[in-house]
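Here's the structure, in structure tokens; my notes come after.
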Amino acid sequence: MIGHYLYLAARNLPRSGGFVFMSIAGLAIGLGAALLIGLYVQDELGYERWLPDSDRIYLISVRSPDGSMTIRSPSDVGRWVAADFPQFEAVTRLAGAGAFFKRGDHEFSEQVVWADPNVFDVLRFPAIAGTLKGALDEPDTLVLTRRLAEKYFGRADPIGDTLLLDGVRPMRVTAVIEDLPSSTHLSIDVLASAVSAHSPVTAQDATPMTVVGAKGWGFQTYGLLRRGAAIEPLRETLRTLPDRHSQRADGGQLPSEIWPLIVTQIRAIHLSASNVASPDTEDVSRLYGSLGIGLLIVLAAAINFVTLRTALAMRRAVEVGVRKACGGNRGALFAQFMGEVFVHVCLATALGLALAAASLPALNRFIDRTIAWQTLLTGPFLAAIAALLVAVTIVAGSYPAFVLASFRPSVVTKARSTGRLQGGVRQGLVAVQFAIVVAVLIATIVVYRQTAFGTREALRTASNPIVLLRAECSEAFKAAIAELPGVLGVTCAANVPQAGSGGVGPVIYNGGDTLILGNVPVDVGWFEHYGYELVAGRFFSDDVGADKTPQDLKWSVPESVVLNEAGVARLGIASARAAIGELVTLNHPSGLVGTFSGLHTARIVGVVKNFQIGTVRNDYYPSVFFVDPWLLRTMSIKIDGRSTPETLDAIDAVWRRLGEPGPPQRRFFEETVQQIYGDLRRDFELFSVFAGVALLISALGLVGLAAHAAGARTREIGVRKVLGGGRASLLGLLMWQFAKPVLLANIIAWPAAYFLMSRWLSGFARRIDLEPWMFVVAALATLALAAVTVMAHAWSIASVRPVVALRHE
């Protein structure tokens, strides 16, 4: 019997007309979008799970003094953990450093990751050539990824071949690993042996750390916990490990009171909630939001399916009446129509799978992932698809099938009240569907405005293009760049301060508590270069010797520093003007390799108006600015936008003449800002796509309902025209029929959207306000969609001649 029903459903499909095909298309689009969201969420949750024994791998890092979590630590931490904790089967360290490789006439800049020889005992990457056992035991050896091997050698097995590191040092390839998947926090293309004489690991290990914080934090330390061992009993002893290996810091504090060690399960790093008390806690709120959007899209598609199916039910009333008069019962009719729905949902699911697979490459490019379409065919996904198929069939098919099966033969030709009830249900469903559309539109507007706000804050003073060049900022090199045509100014900083302070350090004012402020090394003229406003005092000057850190770290007079307004407030000074001339004690990084300056006295000579450091998710960060020429590694070159290509060529020519070996590493400042707000931009673009999908599904539904209305109200229109109704009034009547559920949708959506987007914005220290126009624009957009979608059908109905309309069946 069930097979017979399915056969009838398949046979009747070509005869069903546009209603059924529109309902299938809408459901397929919704399911396809939901499957893409499911793939994205699964990929987010699958970070590092591809690594063997990833459940036993832990990152051991130093907590920053400002309370934030990091993934880095000094080189000594790995040695301490390996010596004191036999519970770890192996402990290894990674240290990334910029470099370039030369092969023949080709030179390419790369990020080299220097690794301890036992790295593959912890991080067991898949090898495709050579063997990883002992691959980095010898100095000057390399392990490449497939991509880099093919880039330099044109093949995936260049075992024994060499590359010239920095153009001079031969490095031998001993193994090749598969390219790492996108679902990892590890950014590795080339691993170099840390036992090489020129390795930064060798340089750091040469001087043991006696005070935590007195060496650079350039290392990622990973430990593989032994099977059967538990991490929880180790957390406290690991936290206080620095107390047993280093001296107390200045001021008598225990090292662990300033720089405690935290242990994070490697799987939790990507979605880390930055909870120092519970470092393995993951923040999945964004994933919940993505899943919510996916469910809303499926719900909108299911509602579209229901409304179109109930509209179709009226056309099959006579068929149902005849079958009941011939002895058909409600159960048999219900089973038949549910069978039809099941066939249609299966077809929509198949189309949805095809759409998801076809759209996956575009999604991968957009979010920079390597999700494989075959994931859709794995057991968990197929089970989820089957469950979704059954759920959608029951939810989307029960009501239309019930409506069809409940028709009584005696009232088939008089089903005004039944039609009115169905019309009311359809109006409610359309209102819910459009409420989803309105809410997604409001979310899209809010995310776009917040993204634009953050980008505008970072670019507030950049009126001309600024090129960022990674280079040692020697006076000769700066002068050569400054003399180029099209160059409007040159200055330097340690990195890009607008992207984040890059480091923090202790500051003591007036004998009070030790406070933590951001440390921002900048060049003389940096503030003026970017146009930042001086609130009080002065900026740095070449004419004042105390404005620059001496190479021997011995100041004969207090060092000159500049604070931002947030820094003045953090120190408890009443005003920017009152801060000028005040003395503080601080300890900031120095240009001497891997060391800090030590506690010394500094004088506040200026206060700069707050500008955004990091993203607007955080408030203005209290920061202290100082000039250490040996820390300045990022040159900011302001250029005339009218001659950008020529100026860039001239900069490259100076680099080849006076710069460091290898190709220049340059980018535009605006690119950096776009990267800082990459997550917000992705959110906006994803919301835009989701809004477009919801709008398309809703438009399909309205087209079907408008076509149904064209048939259902044709005779009514004929009567109204006979009684003197004009085309304009009839058009207004029909348009109002579809405007009502849209207006009701806004009443439903506005409070929900306001609540949800207020919660989302609360994650930003600096944020936009939710303004009424955002809600009005969403309402007008949905009303415009409804008007445009049904206009053609409404016009055709209003244009029918009365004599033709009165004959309509």
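The values are calculated or read from the model by the stated rules, or taken from the named source; none is laboratory data. This is a predicted model, so every value here is computed, not measured. So basically every Cβ, Gly included, is an ideal-geometry build from the backbone, and we count neighbours across all protein chains shown. For the accessible areas, the whole protein counts, side chains as well, though only heavy atoms, and no ligand, DNA or RNA atoms are used. Shrake-Rupley method; radii C 1.70, N 1.55, O 1.52, S 1.80 Å.
Classify the stretch 63-136 as rounded, prolate or oblate, taking a ≥ b ≥ c as the square roots of the eigenvalues of its Cα gyration tensor: rounded when a/c is under 1.5, otherwise prolate if a/b is larger than b/c and oblate if not.
Oblate, because a/c is 1.5 or more while a/b does not exceed b/c.
Check which residues have an amide H placed less than 5 Å from LEU488's amide H, if you skip close sequence neighbours.
Distant-sequence amide H within range of LEU488: LYS638, ILE639, ASP640.
Modelling each spin label as a point 7 Å along the Cα-to-Cβ direction, I'd like the ASP640/GLN551 distance in nm, to one decimal.
3.7
Compute the relative contact order of the stretch 525-569 as a whole-number percentage, counting only Cα pairs closer than 8 Å that sit 6 or more residues apart in sequence.
Over the stretch 525-569, the number comes to 28 percent.
Restricting things to Cα coordinates, could you compute the convex hull volume per residue of the stretch 22-83 in Å³?
Hull volume over Cα atoms, normalised by residue count, gives 131 Å³.
Using 10 Å bins from zero, what percent of all Cα-Cα pairs in the stretch 96-211 falls into each bin?
Here the calculated profile for the stretch 96-211 is 14, 48, 31, 6, 1.
Cα-based Rg (one decimal) and Dmax (whole number) for the stretch 156-228, in Å?
My reading of the Cα-based Rg and Dmax gives 16.1, 47 Å.
What FRET efficiency do you get for GLN674 and SER398 if R0 is 45 Å and r is their Cβ-Cβ distance, rounded to the nearest 0.05?
So the FRET efficiency works out to roughly 0.40.
To the nearest 20 Debye, how big is the dipole of the stretch 85-165 about its Cα centre, given +1 on the beta carbon of each Lys and Arg and -1 on that of each Asp and Glu?
260
How do VAL673, VAL544 stack up against each other in accessible area, from largest to smallest, with a 1.4 angstrom probe?
Solvent-accessible surface, decreasing: VAL544, VAL673.
Could you work out how far apart the two model spin labels at ILE768 and ALA229 are, taking each label as a point 7 Å from the Cα in the direction of the beta carbon, and quote it in nm?
5.1
Order the following by accessible area, largest value first: ARG172, ARG63, ARG79. Probe radius 1.4 Å; ligands, DNA and RNA are ignored.
Descending order: ARG79, ARG172, ARG63.
To the nearest 0.05, what FRET efficiency results for ASN464 and ARG538 with a Förster distance of 22 Å applied to their C-beta separation?
Computed FRET efficiency for ASN464 and ARG538: 0.35.
So what is the relative contact order of the stretch 25-184, in percent, for Cα pairs below 8 Å that sit 6 or more residues apart?
Once normalised by length, the contact order is 19 percent.
If ligands, DNA and RNA are left out, what is the accessible area of ASP769 with a 1.4 Å probe, given in Å² to the nearest 10?
Near enough 110 Å² of accessible area.
Using a 7 Å offset from the Cα along the Cα-to-Cβ direction at both VAL432 and VAL777, what is the distance between the two label points in nm, to one decimal?
Between VAL432 and VAL777, the label points sit 3.0 nm apart.
At a Förster distance of 45 Å, what's the computed FRET efficiency of TRP50 paired with GLU685, Cβ-Cβ distance as r, to 0.05?
0.95
What does the C-alpha gyration tensor say about the overall shape of the stretch 450-590? Classify as rounded when a/c is under 1.5, otherwise prolate if a/b is larger than b/c, or oblate.
oblate
Write down Rg/Rh for the stretch 499-546, rounded to two decimals, with Rg from the C-alpha atoms and Rh from the Kirkwood relation over Cα pairs.
Answer for the stretch 499-546: 1.02.
Once a ≥ b ≥ c are taken as the square roots of the eigenvalues of the Cα gyration tensor of the stretch 181-289, is the result rounded (a/c under 1.5), prolate (a/b larger than b/c) or oblate (a/b not larger than b/c)?
Taking the square roots of the gyration eigenvalues as a ≥ b ≥ c, the stretch 181-289 is oblate.
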